[in-house]
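This is the structure I have questions about; it appears just below.
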Amino acid sequence: RGVGQHPHRGFATVTIAFQGEVEHRDNKGHSGVIGAGDVQWMTAGRGIVHEEYHSTNFTREGGTLEMCQLWVNLPKKHKMTKPSYQAILRQEIPTVELPLQIEDDAIRHASEEKKDDRSSSPLATVRLIAGGQEAFGDKRKGPAKTFSPVQMWDVNLPKAGSQVDIPYPPDQNCIVFVRRGAVQILSGNVEEGKGKQKSNKLGLADVAIMHLDGSDMLRIHVDANDTSLLIMGGVPLNEPIAAGGPMVMNTQEELRQAMVDYRSGKF
């Protein structure tokens, strides 16, 4: 039915629900159920013990369970912060719609009036779970509370053969994960007639780690209808990482101390 009680320290676990329901309970008194479109953002901080399992309703009725869990590192100065839990419901997550450039000669050479109609029709939808204001303006910001600048976007690209430019903060790392469908990530000089673009194809469950080269845009060609991506990243912490089991710290000694504290009941 799920994962029994286990500890964490030094980072945040982020669970995104796409289908089904997951129930959460921890030793700090937090509990809740997230369903399709919802997000659970749990900051382990100095230490927490929690469990995750199918909700009672989902266990009874069954269905498809599709979730994604990500671990977000905490800066060294915040690793021992007080644990916290955020249940972010789908209606609390703002969306941004982006116009697509359809690659169709009949459309490309249509009248200016038709082009105007086209520019407001096909859309990519970006759900801003965390961040977003650096790319889309201060009025567009994900509800997740983070301890360093973090981007976490759930992106739907509905139409194969289209192309979308997605703004992205140039000073932040970026990872693209294909949850469903297929895309090509285009790179190189994007100005017409100046150089040739390179294409990197990504399919189901593929991951692309982008170069931190100062670019402020992702240019994506959509290869399959109803493609779904997770785009995520953040400002580089530039700190050492020591990871072991359910703990993420900065040194091996801190990892050993985390296990000592857990076994001593200090979580």
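The values are calculated or read from the model by the stated rules, or taken from the named source; none is laboratory data. Fair warning: this is a prediction, and the values are worked out from it, not measured in the lab. All Cβ positions, even for glycine, are placed from backbone atoms using ideal geometry, and neighbour counts span all protein chains on display. The area values use the complete protein model at the heavy-atom level, side chains included, leaving out ligands, DNA and RNA. Shrake-Rupley method; radii C 1.70, N 1.55, O 1.52, S 1.80 Å.
When only Cα pairs under 8 Å and 6 or more residues apart are kept, what is the percent relative contact order across the range 184-267?
Values: 59 pairs, mean separation 15.7, N = 84.
Computed value for the range 184-267: 19 percent relative contact order.
Past 22 Å, Cα to Cα, is the threshold; run LYS79/LYS266; LYS82/LYS139; LYS79/LYS139; LYS77/LYS145; LYS76/LYS145 against it and keep the listed order.
Numbers: LYS79/LYS266 15 Å; LYS82/LYS139 29 Å; LYS79/LYS139 29 Å; LYS77/LYS145 16 Å; LYS76/LYS145 17 Å.
As for pairs spanning more than 22 Å Cα to Cα, those are LYS82/LYS139; LYS79/LYS139.
Who wins for biggest fluctuation among GLN151, GLN86, GLN40 in a Gaussian network model of the chain, springs between alpha carbons below 10 Å?
Most flexible of the set in this elastic network: GLN86.
I'd like the carbon and sulfur percentage of the solvent accessible area for the range 190-267, probe radius 1.4 Å, heavy atoms only, ligands and nucleic acids excluded. Write down the numbers at each step before the final one.
Details: 2530 of 4950 Å².
Answer for the range 190-267: carbon and sulfur cover 51 percent of the accessible area.
Here's another thing I want to ask about it. Running a GNM on the chain with Cα contacts under 10 Å, which residue among LEU128, LEU237, LEU98 ends up with the highest mean-square fluctuation?
LEU237
Roughly how big is the range 184-267's charge dipole about its Cα centre, with Cβ charges of +1 (Lys, Arg) and -1 (Asp, Glu), in debye to the nearest 20? Don't skip to the end; give the middle numbers.
Working: 8 positive and 11 negative charges, 36 e Å.
I would put it at about 180 debye.
Any idea what % of Cα-Cα pairs in the chain are farther than 24 Å? Could the numbers behind the result be given before it?
Values: 19601 of 35511 pairs.
Everything past 24 Å amounts to 55 percent.
Rounded to the nearest whole Å², what accessible area per residue is found for the chain with the 1.4 Å probe? Write out the running numbers ahead of the final one.
Values: 13800 Å² over 267 residues.
Per-residue value: 52 Å².
Let me check against my output: what whole-number percent is the relative contact order of the range 153-229, with C-alpha pairs under 8 Å and at least 6 apart?
Reported relative contact order: 53 percent.
I would also like to ask the following. Quick check: the angle from helix 252-263's long axis to the longest principal axis of the chain, C-alpha only, nearest 10 degrees?
With both axes taken from Cα atoms, the answer is about 60 degrees.
Can you compute the radius of gyration and Dmax for the range 131-267, using only the Cα atoms, both in Å?
Cα-based Rg and Dmax for the range 131-267 come out at 18.7, 65 Å.
If you place +1 on the Cβ of every Lys and Arg, -1 on the Cβ of every Asp and Glu, and leave all else neutral, what size is the dipole of the chain about its Cα centre, to the nearest 20 Debye? Write down the numbers at each step before the final one.
Numbers: 31 positive and 33 negative charges, 214 e Å.
Around 1020 debye, computed over the chain.
In percent, how large is the relative contact order of the chain, given Cα pairs closer than 8 Å and 6 or more residues apart? Provide the component values of the computation, followed by the final result.
Working: 633 pairs, mean separation 47.6, N = 267.
Taking the mean separation of contacting Cα pairs over the length of the chain, I get 18 percent.
What Kirkwood hydrodynamic radius, in Å, does the range 1-91 give when the mean of 1/r is taken over all pairs of distinct Cα atoms and then inverted? Numbers along the way, then the final one.
Working: mean 1/r = 0.0751 Å⁻¹.
Answer for the range 1-91: a Kirkwood hydrodynamic radius of 13.3 Å.
May I pose another question? Quick check of the Kirkwood formula: for the range 162-241, what is the inverse mean of 1/r over all pairs of different Cα atoms, in Å?
Numbers: mean 1/r = 0.0744 Å⁻¹.
Answer for the range 162-241: a Kirkwood hydrodynamic radius of 13.4 Å.
Which value, in debye to the nearest 20, describes the size of the charge dipole of the range 127-267 about its Cα centre when Lys and Arg Cβ atoms bear +1, Asp and Glu Cβ atoms bear -1, and nothing else is charged? Don't jump to the answer; show the numbers that get you there.
On the way: 16 positive and 16 negative charges, 82 e Å.
Here the range 127-267 has a charge dipole of around 400 debye.
Extension gain CYS68-SER199, at 0.36 nm per residue separation less the Cα-Cα distance, in nm? Please report the intermediate quantities before stating the final value.
Values: separation 131, 0.36 × 131 = 47.16 nm, distance 2.68 nm.
Between CYS68 and SER199, full extension yields an extra 44.5 nm.
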